[in-house]
Amino acid sequence: MSLWSTLAAVASAIQSSGAQLFDRIASLVGGGEARNSVAFSAAMIALSAKMAKADGVVTTDEEIAFFGLFDIPPGEERNVARVFNLAKQDVAGFETYARRIAGLFTEQPETLIDILDGLFHIAKADGYVHEAELVYLERVAEIFSIEDRCFQQIRARHVIEGADPYKVLGVEPSASDEEVKRRYRRQVAESHPDRLIARGVPEEFVRIANDRMAALNEAWRKVALERGL
């Protein structure tokens, strides 16, 4: 059974709340890479569904970004939509979802960062992150126990124009050349698609890693040019 078919089967067994959905998903975590992938995917779909309503309107660009991020195989769109609609229609607020998801990945904080990265990717689809979406993302990060410095780094990666390259790299402008180099190399290593897949991010989501790598490389290019490295 495919990742998306598995998600659809889980969703079909749920009659009411998203909390029940994540109770079911929680039983999958810790059962190997495949099961972690199902949990990650459910988390991304559920929080995307909640965020889609954050600014009061679901734009076509956001819908395209949602499905584009997931690289859904032909014929599986209906299965994804089933989980998406389940989360969107649920009366539970997004904070309830975020807390359940944080609980699923207590031992995998890097995965929570990957989820937030994916949400930013969708939020910026119409050219910028709306204020209501930013408030949503900040609150999700808080519930995920993601430090503000890390949140600002993720946010900087998704600024359409004029991003501060030092924020993207997660270093201060006063950092030495060697420190900047070390930080850049470590970020690149941690952002490699193989690293994400190893911690449970499905191959269908490697666009998160590709976008992150592109932002890091562009930030390094600017800093290196500025410093003559």
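The values are calculated or read from the model by the stated rules, or taken from the named source; none is laboratory data. Being a predicted model, the structure only gives us computed values, none of them experimental. Here the Cβ positions follow ideal geometry from the backbone for every residue, glycine too, while neighbour counts run over all protein chains shown. The area values use the complete protein model at the heavy-atom level, side chains included, leaving out ligands, DNA and RNA. Shrake-Rupley method; radii C 1.70, N 1.55, O 1.52, S 1.80 Å.
A few comments on the model shown:
- Some residue of the stretch 174-192 being in a helix (DSSP H, G or I), open to solvent by less than 10 Å² (accessible area, probe 1.4 Å), under 20 Å from Phe105 (Cβ atoms) and modelled with pLDDT under 90: yes
- Filtered by the rule that a residue be over 18 Å from His121 (Cβ atoms) and open to solvent by less than 80 Å² (accessible area, probe 1.4 Å), the stretch 163-172 gives Asp164, Pro165, Tyr166, Leu169, Gly170, Val171.
- The set of residues in the stretch 137-156 that are more than 16 Å from Glu95 (Cβ to Cβ) and open to solvent by 30 Å² or more (accessible area, probe 1.4 Å) comprises Glu147, Asp148, Arg149, Cys150, Gln152, Arg155.
- Spans of helices (runs of 4 or more DSSP H) in the stretch 84-150 with at least 3 residues free of Cβ contacts under 8 Å to residues at least 24 places away in the same chain: 131-143
- Filter pass, Arg221 being in a helix (DSSP H, G or I), under 30 Å from Thr106 (Cα atoms) and either open to solvent by 60 Å² or more (accessible area, probe 1.4 Å) or charged (D, E, K, R) (or both): no
- Some residue of the stretch 193-212 being assigned to a helix (DSSP H, G or I), at pLDDT 90 or above and loosely packed, with under 14 Cβ neighbours inside 10 Å: no
- All of Ile160, Ile122 fail the test of being at pLDDT below 85, open to solvent by 70 Å² or more (accessible area, probe 1.4 Å) and in contact with a helix residue (DSSP H, G or I) (Cβ under 9 Å, 6 or more places away or on another chain), apart from Ile160.
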